[in-house]
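Submitted below is the structure of interest, expressed as structure tokens.
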Amino acid sequence: MGQSIDTSRSEQIKKGTLLITQGEEPRNIYYLHSGAVEILSAPKEFEGLHSDILVSKSKRVGIIRENSLISGMSILFSEPYTKSIRTIEDSVISKYPIKEGGFKNIVFENPSFAVTILGHLVKRLEESIPDVSK
């Protein structure tokens, strides 16, 4: 599935760290090497408020486990995040800055990484089908 994920960018992230805040513009693509994160969703009226308030009004809608892309459910990384992401275990995560143009820019600059990202997004969609049907 395209290029492998660069582990030289990885760092330890403590349990309870908010990586992505719903309503924010995407700045990074995250890759979860180990650990777990939860996907949180709040009503739109809480977007833009302090992250503590937003999270307190959020419900868990999914969990992402190791060896997965973390996207915050932003369409092609060019729209604001539609979900928040918080670590629920100590985790090892790599962070890749997103330049202007989102995914489209990644396709032009690094096509093999773009294919890797798409593969992970398809995997995420397949894994989320049981959650949606609940």
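The values are calculated or read from the model by the stated rules, or taken from the named source; none is laboratory data. Bear in mind that the values here come from a model prediction, so they are computed numbers and not experimental data. Here Cβ is always computed from backbone atoms with ideal geometry, including for glycine, and neighbour counts include all displayed protein chains. Heavy atoms of the whole protein, side chains included, go into the accessibility calculation; ligands, DNA and RNA do not. Shrake-Rupley method; radii C 1.70, N 1.55, O 1.52, S 1.80 Å.
Given H placed 1.01 Å from N in the peptide plane, which residues other than close sequence neighbours of ILE39 have an amide H under 5 Å from its amide H?
For ILE39, the qualifying residues are VAL61, GLY62, ILE63, ILE64.
Could you pull out every residue, at least 5 positions away or on a different chain, whose amide H is within less than 5 Å of the one on SER34? Hs are placed 1.01 Å off N in the peptide plane, and Pro or chain starts have none.
ASN67, VAL92
Right, another one. Of all accessible surface on the range 14-97 at a 1.4 Å probe, what whole percent is carbon and sulfur?
C and S atoms contribute 50 percent here.
Around ASP90, with a cut-off of 13 angstrom between Cβ atoms, what is the net charge of the other residues, counting Lys and Arg +1 and Asp and Glu -1?
Its environment carries a net charge of 0.
Just add up the charged neighbours of GLU24: K/R +1, D/E -1, any other residue whose Cβ is under 14 Å from the Cβ of GLU24.
Within the 14 Å Cβ shell, the charges total +1.
Top to bottom by accessible area (1.4 Å), largest first, where do ILE106, ILE53 land?
Putting ILE106, ILE53 in descending order of accessible area: ILE53, ILE106.
Would you mind checking the pairs LYS57/LYS99; LYS44/LYS95; LYS15/LYS95; LYS57/LYS123; LYS57/LYS83; LYS44/LYS104 and listing those with alpha carbons more than 19 angstrom apart?
As for pairs spanning more than 19 Å Cα to Cα, those are LYS57/LYS99; LYS44/LYS95; LYS57/LYS123; LYS44/LYS104.
Considering only the other residues whose Cβ falls under 11 Å of the Cβ of ALA36, what net charge follows from Lys and Arg at +1 and Asp and Glu at -1?
Value of the local net charge: -1.
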